[in-house]
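A.B. asks: Next up is a structure, given as structure tokens.
None of the figures in this text is laboratory data; all of them are computed from the coordinates on show. Model, not experiment: these values are computed from the prediction. Cβ: placed from backbone, ideal geometry, glycine included. Neighbour counts: every protein chain shown.
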Amino acid sequence: MSGYHAPSAAVDSDIIETREWIESFDALIRAQDSTRALFLLRRLEEHARELGLLAAPAPYSAYRNTLPLERQGPYPGNLELEERLTSIMRWNALAIVTRANKAYGELGGHIASYASAAEIFEVGFNHFFQAARPGHGAIWCTSSPTLPLAFTPAPSSRVA
């Protein structure tokens with residue numbers, strides 16, 4: 001076990017300096033804009049990595065909504081109906097895999113694959129991967145619960 005312990009965010013050895021940094025950051029946002037502020041934060045993070053203070057980021061991250069609630073648009077569908085349909089489809093998938101396991105006994109992982117991908121597929125198919133319509137190109141989409149989801153604009157769907 002490493003002897004290094006990251007400092008707690010609750011412990012501030014210099015409250016005045018911290019307040020000055022925050023006030024300067026607030027002044028930067030007021031004087032310029034949030035784009036500049038975000039650039040500086042990213043640059044400071046890069047510099048901390050160069051100094052060895054931060055590890056390189058993982059190639060993935062947990063989903064984190066960066067939009068404040070008041071800036072989010074309304075959900076484009078009927079969430080209650082979609083959640084009910086999702087529950088029915090997951091229950092059906094569970095029943096199919098359970099029945100198949102009685103016969104073959106080696107299919108259990110596929111229910112986990114479906115469950116982990118269900119939300120991505122269902123939201124995508126319900127709201128994003130759609131046929132061409134006036135003003136919008138079509139999205140060509142292929143997917144498999146055991147393969148990554150891949151989608152690209154169909155060549156014939158480019159809107160001039």
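A.B. asks: For 80, 45, what's the fewest-to-most ordering of other Cβ within 10 Å of each Cβ?
C.D. replies: Least to most surrounded, the residues fall as 80, 45.
A.B. asks: Check residue 54: other-chain or 5+ apart residues with amide H under 5 Å from its amide H, H built from backbone geometry?
C.D. replies: Under 5 Å from the amide H of residue 54: 49.
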